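Worksheet for the structure shown next.
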Amino acid sequence: MSACNDVELCEVVITAPDPDWLRNFTRSLVSERLASNVHNFAPVQSTYRWSGEVHDRTEGRAALHTRRSLIPAIVERATDAHPYDVPSISARPIHDGSPTYLAWIGEQTEP
């Protein structure tokens, strides 16, 4: 558990082929309180296997801070809107950190 009134916090990472699309998409997640903030990185170089071949592609990458309970909503929104058939969306727990920052994440994602 993180130090945020027993609310589990996490970082959700999403990649997409168009960094501008990803910035707009993740901004909407912050606006809707599904995430407290987002760090967008572009370009990132991705290497992956798809349809039996290894591909190299320049993409955008976003790291969102949110509550674990909001991951299903984020995944659903991304799956519906994302340009890839199988979007890269994964989450990592935030175990600890600045108590005031962790509390802020929780406050910004309150229903």
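What follows is calculated from the coordinates using simple rules that are stated; it is not laboratory data. A quick note: this is a predicted structure, and the numbers were derived from the prediction, not measured. For neighbour counting, all protein chains shown are included, and Cβ atoms are generated from backbone atoms with ideal geometry for every residue, glycine included.
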Among Glu107, Glu53, which comes first, then next, by fewest other beta-carbon atoms within 10 Å?
Glu53, Glu107
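List the trypsin sites (Lys or Arg not before Pro) within region 10-111 that DSSP assigns to loop and that have no more than 10 neighbouring Cβ atoms inside 10 Å.
Listed in order of number, the matching sites amount to none.
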Simple Cβ-charge dipole of region 9-108, Lys/Arg +1 and Asp/Glu -1, about Cα centre, in debye nearest 20
220
How far apart, in nm, are two points set 7 Å out from the Cα along the Cα-to-Cβ line at Val86 and at Ser69?
3.2
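Neighbour counts of other C-beta atoms within 10 Å: give me Phe25, Phe41 arranged from fewest to most.
Numbers: Phe25 20, Phe41 14.
By the 10 Å Cβ count, ascending, the order reads Phe41, Phe25.
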Show me, for region 90-105, the HN-Hα J-couplings you get by feeding each phi into the Karplus relation (A = 6.51, B = -1.76, C = 1.60, θ = phi - 60°), rounded to Hz, glycine and proline as x.
9, 10, 10, x, 9, 7, 6, x, 4, x, 6, 5, 4, 4, 4, 4
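For Ile89, Ile105, what's the fewest-to-most ordering of other Cβ within 10 Å of each Cβ? If you can, show how the numbers build up before the last one.
On the way: Ile89 18, Ile105 23.
In increasing order of surrounding Cβ atoms, one gets Ile89, Ile105.
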First measure r as the distance between the Cβ atoms of Trp104 and Arg77, then evaluate 1/(1 + (r/R0)^6) with R0 = 22 Å and state the FRET efficiency to the nearest 0.05.
0.45
What is the Rg over Rh value, at two decimals, for the chain, using alpha-carbon atoms and the Kirkwood definition of Rh?
1.01
How far apart, in nm, are the 7 Å Cα→Cβ label points at Val44 and Asp56?
1.8
Out of Thr66, Thr15, Thr100, any idea which swings most in a Gaussian network model of the chain, alpha carbons joined below 10 Å?
Thr100
